[in-house]
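Notes follow the structure.
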Amino acid sequence: MNHIFNFGHFIPISTVDWHGRSASVLFSRGCQFDCPYCQNHAYLTGRVDRTVEDIRSTIDKAVPFISALVFSGGEPTLQSDALIDLARYAKSKSLDVGLETNGFAVDVIKEMVDEKLLDKVFLDIKAPLDDAVQYAMVAGTDEEIGARAVKGAAGTLELCLNKDIEVEVRTTVFKGLVGPEQVSEIMSYLNTNTSGNLTYAIQQGIPENTRNLKDTGIFTRDELLKMARAVEPEHVNHIRIRTREHGDELIL
């Protein structure tokens, strides 16, 4: 079946979305959340319909120059049929597959894991997973969705690590919203509840790239370094920070 894909954007070659890899990045539209700090808010709404066959042709042009395909958004799992179809196609071209996700749709991710369609998951954990109210606030949604979001993110993390899928947990920090206390609590959760091939990345939120937080103060690189060095990793292989000043840096 030639599924319809609600298309956001396509980057033919990226060296920043999957550390150490040359990858294409395919952005879909739509998301369960309305995060005030979303950097990709242009892809939260609207429709730009393309067939999966058309997207395959777009991927084909990049194949000679890449080793991986990353699905981003928006939230790619909202278009599960097209996502799985395109992941299968990427695998048929000997590409590794990465998924940038909020983890909400554990069932879709499980289907991909069971079919061996995923090589790495970039999981956006927005706030501590033991506080659904705060999670809902950061995600720009109500408490019911916040509770489901917490359960989904935790379930996705457990599923992937148990199946030996490489996971990078990402937290974006903004003053007055998510900061050192929340990073410490997330790291504590990772230390207590996980084991496996896990990286934790603390990302500097850039206010001018957001829709609703343009006047929010920015954490400096030194402040992110302090956050990263304040945690005691037990079951985390690597800690990274990402800032406008120095890009991606390995701290541990």
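Laid out as a table, the results:
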item: Entirely in region 1-103, the strands (runs of 3 or more DSSP E) that have 2 or more residues that are under 21 Å from I125 (Cβ atoms) and either modelled with pLDDT of 95 or more or of a type in the set (S, T, Y) (or both); result: 23-28, 68-72, 96-101
item: Residue in region 5-17 that is of a type in the set (A, V, I, L, M), crowded, with 16+ Cβ neighbours inside 10 Å and touching a residue at least 24 places away in the same chain (Cβ under 8 Å) present; result: no
item: Search result, residues across region 104-127 that are assigned to a loop (DSSP other than H, G, I, E, B) and not basic (K, R); result: F104, A105, E115, L117, L118, D119, I125, A127
item: Boolean, T171 is crowded, with 17+ Cβ neighbours inside 10 Å and modelled with pLDDT under 95; result: no
item: Residue in region 44-65 that is nearest to T15 (Cα to Cα), counting only those that are out of contact with any strand residue (DSSP E or B) (no Cβ under 7 Å at 6 or more places or on another chain) and of a type in the set (V, I, T); result: V63
item: Residue within region 191-198 that is among the hydrophobic types (A, V, I, L, M, F, W, C), more than 19 Å from A153 (Cβ to Cβ) and surrounded by 18 or more Cβ atoms within 10 Å (Cβ to Cβ) present; result: no
item: Residue list for region 220-252, restricted to those being touching a Leu at 6+ places or on another chain (Cβ under 7 Å) and of a type in the set (S, T, Y); result: T243
item: Matching helices (runs of 4 or more DSSP H) fully within region 128-195 where at least 2 residues are basic (K, R) and free of Cβ contacts under 8 Å to residues at least 60 places away in the same chain; result: 143-162
item: Selection within region 61-92 - of a type outside the set (A, V, I, L, M, F, W, C) and touching a Pro at 6+ places or on another chain (Cβ under 8 Å); result: K61
item: Those residues of region 201-239 which are under 21 Å from N40 (Cβ atoms), assigned to a strand (DSSP E or B) and either touching a helix residue (DSSP H, G or I) at 6+ places or on another chain (Cβ under 8 Å) or at pLDDT below 95 (or both), in sequence order; result: I202, Q204
item: Considering residues of region 32-58 that are farther than 25 Å from I241 by Cβ and in contact (Cβ under 8 Å) with a residue 60 or more places away in the chain only, the residue surrounded by the most Cβ atoms within 10 Å (Cβ to Cβ); result: Q32
item: Region 92-138: number of residues that are among the basic types (K, R) and surrounded by 19 or more Cβ atoms within 10 Å (Cβ to Cβ); result: 2
item: Near pairs, Cβ below 7 angstrom, 6+ apart or cross-chain, from region 240-252 (free of Cβ contacts under 8 Å to residues at least 24 places away in the same chain) to any residue that is assigned to a strand (DSSP E or B); result: E249/R240; E249/I241; L250/H238; L250/R240
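The values are calculated or read from the model by the stated rules, or taken from the named source; none is laboratory data. If you're wondering where the values come from, they're calculated on a predicted model, not measured in any experiment. All Cβ positions, even for glycine, are placed from backbone atoms using ideal geometry, and neighbour counts span all protein chains on display.
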